[in-house]
Amino acid sequence: MEIVKNAKARFNYEILEEIEAGIVLTGTEVKSLSLKKVALVDAYGVIKRDELFLINMRIEHYSHSSHFAHDPIRSRKLLVHKKEITRLKAKLAEKGWAIIPLKMYFKNNKTV
């Protein structure tokens, strides 16, 4: 089930390849995603300490959560194999390459 698509990404960037990655979320974030309260427009990926993170993805607060709500624009870890991160790191070293999320969806009850 598709949650959100980044329509501007295909207009603003030349997409040379696509990879699929899982994402680490909290419970209230998953509930907000079910309600499609997410924006990918300004989001991008970075590699920190040999881990891939998604920056500036906005997941709105879940309306029925308690005072322990999540930060809407926190960095979120992407789940990718080490070999893939090493390959992406080499690509990012080249001028003009960026990691841009194209879409989010649920696959086998997991967010991808």
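Given Cβ point charges of +1 (Lys, Arg) and -1 (Asp, Glu) and nothing else, what value in debye, to the nearest 20, does the dipole of the chain about its Cα centre take? Can you show the working numbers first?
On the way: 21 positive and 13 negative charges, 22 e Å.
Charge dipole, the chain, about its Cα centre: 100 debye, nearest 20.
Kindly provide the trypsin sites (Lys or Arg not before Pro) of segment 1-71 that DSSP labels as loop, not H, G, I, E or B, and whose Cβ sees at most 16 other Cβ atoms within 10 Å.
Hits after loop and neighbour filter: 36, 49.
Protein-only accessible surface at a 1.4 angstrom probe places the residues 42, 71 in the order 42, 71, largest first.
Of all the options 13, 44, 62, the one that moves most in a Gaussian network model of the chain with Cα springs shorter than 10 angstrom is 13.
Database remark: amide H of residue 103 closer than 5 angstrom to the amide H of 6 (H placed geometrically; neighbours at sequence offset of 5 or more, or on other chains; Pro and chain starts carry no H).
In order along segment 12-27, phi translates into HN-Hα couplings of 8, 10, 8, 8, 9, 7, 10, 10, 10, 9, x, 9, 8, 10, 8, x Hz, rounded to whole numbers, per the Karplus curve 6.51 cos²θ - 1.76 cosθ + 1.60 with θ = phi - 60° and x for Gly and Pro. Per-atom-type breakdown for the chain gives carbon and sulfur 54% of the accessible area (1.4 Å probe, protein chains only).
Built from the Cα atoms of the chain, the convex hull projects on average onto 7.4 nm², one quarter of its surface area. Round to the nearest 10 and give me the degree value, 0 to 90, for the angle of helix 82-93's Cα axis relative to the longest principal axis of the chain. The two axes meet at around 60 degrees. Of the chymotrypsin sites (Phe, Trp or Tyr not before Pro) in segment 78-112, the ones in a loop by DSSP (not H, G, I, E or B) with at most 15 other beta carbons within 10 Å are 97. Entry comment: accessible area of the chain is 68 Å² per residue, from protein heavy atoms only and a probe of 1.4 Å. Among 51, 94, 60, which one shows the biggest mean-square fluctuation in a GNM of the chain, springs joining Cα atoms closer than 10 Å? The residue with the greatest mean-square fluctuation here is 94.
The values are calculated or read from the model by the stated rules, or taken from the named source; none is laboratory data. From a predicted model like this one, the values you see are computed outputs, not experimental measurements. In this analysis, Cβ positions are derived from the backbone assuming ideal geometry, glycine residues included, and neighbour counts consider all displayed protein chains. When the accessible area is computed, the model is the full protein with side chains, heavy atoms only, and any ligands, DNA or RNA have been set aside. Shrake-Rupley method; radii C 1.70, N 1.55, O 1.52, S 1.80 Å.
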